[in-house]
1. Working with all protein chains in place, sort L44, L59 by solvent-accessible area computed with a 1.4 Å probe, largest first.
2. Mind ranking K69, K74, K37 by accessible surface for me, highest first, 1.4 Å probe?
3. Ignoring ligands, DNA and RNA, how do R94, R32 rank by accessible area with a 1.4 Å probe, largest first?
4. Would you please give the FRET efficiency between N23 and M111, computed as 1/(1 + (r/R0)^6) with r the Cβ-Cβ distance and R0 = 30 Å, to the nearest 0.05?
5. Would you mind computing, in nm to one decimal, how far apart the modelled labels at E56 and E86 are, each placed 7 Å from Cα along Cα→Cβ?
6. Count neighbours as other Cβ atoms within 10 Å of each site's Cβ, and list the chymotrypsin sites (Phe, Trp or Tyr not before Pro) in region 17-82 that are DSSP loop with at most 13 such neighbours.
7. Give, in nm to one decimal, the length gained when the segment between L15 and K121 is fully stretched (0.36 nm per residue of separation minus the Cα-Cα distance).
Amino acid sequence: MGKESSFDVVSRADLNEVRNAVNMAQKEIATRYDFKKSASAVTLEDDALVLVSDNEGKLKQVVDVLEDKLVRRKVPLKALQYGKIEEALGGTVRQRVPIAQGIPDVKAEAMNKLVRQQFKKVKVQIQGDTLRV
């Protein structure tokens, strides 16, 4: 008889590390020459980042700075779900970037199906945003 064991598949970004990366990005934006007199900013609101800048080109630079800091803090960039770039007050642009917490139902179902096809005797349970195998 084989040994019975289980494991959980969970996908969460560490919000403390995200907060640290946002703070580091804000400091760099505040001191870089190419952001001088710019309305560029990164803020963390609940489970989403809000990026603001003068135009789409500057916003792209803000994204680059932020992603560099997130990678250094070992936050997976796949957790970021970039929204549409919108016009904001004062002629600026804004982009909301929700941070994925957990495994979406559709992906959990697909993983469940794949595991069951590959391993006939394995039991899989989906509990909230966790896949238990």
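The values are calculated or read from the model by the stated rules, or taken from the named source; none is laboratory data. Note that this is a predicted model, so its numbers are computed, not measured. Counting neighbours? That spans all protein chains shown, and the Cβs are built from the backbone with ideal geometry, glycine included. Protein only, heavy atoms only, side chains kept; ligands, DNA and RNA dropped before computing areas. Shrake-Rupley method; radii C 1.70, N 1.55, O 1.52, S 1.80 Å.
1. Most to least solvent-accessible, the answer reads L44, L59.
2. K37, K74, K69
3. Largest accessible area first, the list is R94, R32.
4. Numbers: r = 34 Å, r/R0 = 1.14.
That gives a FRET efficiency of 0.30.
5. Reported label-point gap for E56 and E86 is 1.7 nm.
6. Values: sites: Y33, F35, Y82; in loops: Y82.
The qualifying sites are Y82.
7. Result: 34.5 nm gained on full extension.
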